[in-house]
There are 2 protein chains.
Amino acid sequence: MDISSLAPDVQHFLGQAAYCELGEFEALARAVATSPNLAVKEGLSAAAGRALSKHHGLITEIRRRGHEPATEMAPFVANLDEFRRKTSGADWHELLLSCYLASGLLEDFFIRLSDGLPRDIGPRVAQLLGEDSGTDVLVHELQTAIENDLALGSRLAMWGRRLVGDTLLVARSAMPAADPEVGPGTATEARIEPVFTELIAAHTRRMDGLGLTA
Amino acid sequence: MDISSLAPDVQHFLGQAAYCELGEFEALARAVATSPNLAVKEGLSAAAGRALSKHHGLITEIRRRGHEPATEMAPFVANLDEFRRKTSGADWHELLLSCYLASGLLEDFFIRLSDGLPRDIGPRVAQLLGEDSGTDVLVHELQTAIENDLALGSRLAMWGRRLVGDTLLVARSAMPAADPEVGPGTATEARIEPVFTELIAAHTRRMDGLGLTA
């Protein structure tokens, strides 16, 4: 389960992870703006703040290395914007589920990938990404809504299954072997496989925790 | 120019100022999401983070006093949501101008009003609200756009004049003398007047700084 040899270069990693957190922030900010009540709005605003703070932490790392954040993030905009568009959901609960599942899976993934970064940056980035995302409020809202509405529960279970596919594709595209010019080698695939199995297991635990069948 | 005797009670002040900063955050987050380029998006996200951090600072003060943030903010939701709706603008530049002018005027106002709060909270709140709002990026974007587009400049000058009226109404409603049951007394009005003159003067300086006629 060593993916360190698959880690992208530092700039690639930081640009992509930074834009990922910015997208998470934007999605949470939309959830804040459309929140049905003030207590939840308040909790979601804290979660949005956490995503933004992770984003700014990654931006600081980019600047520290003498690079321009906008330039480093630019290659990932089209792909990640499309991901956020596809996963924005038909209503507020679908949006919450997207925020929760995508942030969980992608942060897990980037933390794993950070193992392969140089020692002067990998652990610091892993710690930053591993900080509490403040998503307890999302879990609580989703659990309550699912308990009280069976139809919503089955719709969200479907939505969660769709999300995991789209989110894994984003993770897959973050790995150098995804370069279409080169194509994934069998050895590479063999090393990636267990990481994805792990990511899916964690995703399933999150679905279970909400009372949804993954 | 002493408005301390006009200061609302602490809970009223904190609830209103906190919801005001949350609204500023939501408006800036919308500007982030609709930003035309990545460098500006990055700068705006920092400004959104500043508004959110002021909001959370005020929430901390509410909690410290043993109150529930959602309860304290609730009385101000209808009025402030309506304000944000009216000032959201027809396009991205109008939204930026709203964010910049409203945050400038309302923060000035709440800082003035905080003079009348108890000594164990007033100065701390004034310092929090006076922290850099990160709006330099808004000023830079607006200045550049106005310099390059005369028609946009005159449209934004009109928009700025409309905004100041709506924003002053929000400020006015934050003062206890605005209670319609009581009605403003002449003595009260006489004390409020110079404060509003000051707020308008600062607004005019912000407009001038952008190259707009107030």
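The values are calculated or read from the model by the stated rules, or taken from the named source; none is laboratory data. Fair warning: this is a prediction, and the values are worked out from it, not measured in the lab. Cβ placement follows ideal geometry from the backbone for every residue including glycine, while neighbour counts extend to all protein chains displayed. In case anyone asks, the SASA skips ligands and DNA or RNA and just uses the protein heavy atoms, side chains included. Shrake-Rupley method; radii C 1.70, N 1.55, O 1.52, S 1.80 Å.
Note on A:46-58: average number of Cβ atoms from other chains within 10 Å of each residue's Cβ is 3. Between the Cα long axis of helix B:150-173 and the first principal axis of chain B there is an angle of about 10°, rounded to the nearest 10. Once A binds B, the 1.4 Å probe can no longer reach about 1700 Å² of accessible area, counting both sides.
Computed in the context of the full set of protein chains, the accessible area of segment B:1-106 at 1.4 Å probe radius has 52% of its extent on carbon or sulfur. Please list, by residue number, every one of the trypsin sites (Lys or Arg not before Pro) in segment A:92-169 that is coil in DSSP and has at most 16 other beta-carbon atoms within 10 Å. When the trypsin sites (Lys or Arg not before Pro) of segment A:92-169 are filtered for loop state and at most 16 Cβ neighbours within 10 Å, A:Arg119 remain.
Partners of B:Lys86 within straight-line reach, counting lysines whose Cα lies under 21 Å from its Cα and excluding those fewer than 8 residues away in the same chain: A:Lys41.
Solvent exposure of segment A:64-166 amounts to 47 Å² per residue of accessible area, where only protein heavy atoms count and the probe is 1.4 Å. Only aspartates and glutamates eight or more places from A:Lys54 in sequence, or on another chain, were considered; those with a Cα closer than 14 Å are A:Glu21, A:Glu24, A:Glu26, A:Glu107, A:Asp108, A:Glu131, A:Asp132, B:Glu42.
Along chain B, the longest continuous region that contains none of the GluC sites (Glu not before Pro) in a DSSP loop with at most 16 other C-beta atoms within 10 Å is B:1-130. Each label was represented as a point 7 Å from its Cα along the Cα-to-Cβ direction; for A:Asp120 and A:Thr34 these points are 4.5 nm apart. The alpha carbon centroids of segment A:108-150 and segment B:103-135 are separated by 34 Å.
In the context of the full protein assembly, A:Ile200 retains an accessible surface of approximately 70 Å², using a probe radius of 1.4 Å and ignoring ligands and nucleic acids.
Size descriptors for the protein assembly as shown, from the alpha-carbon set: Rg then Dmax equal 23.7, 84 Å. For the set A:Arg63, A:Arg205, solvent exposure ranked by accessible area (probe 1.4 Å, protein chains only) runs largest to smallest as A:Arg205, A:Arg63. When chain B is turned onto chain A, the axis of that turn runs closest to one Cβ of chain B, and that residue with its distance in whole Å is B:Ala29, 2.
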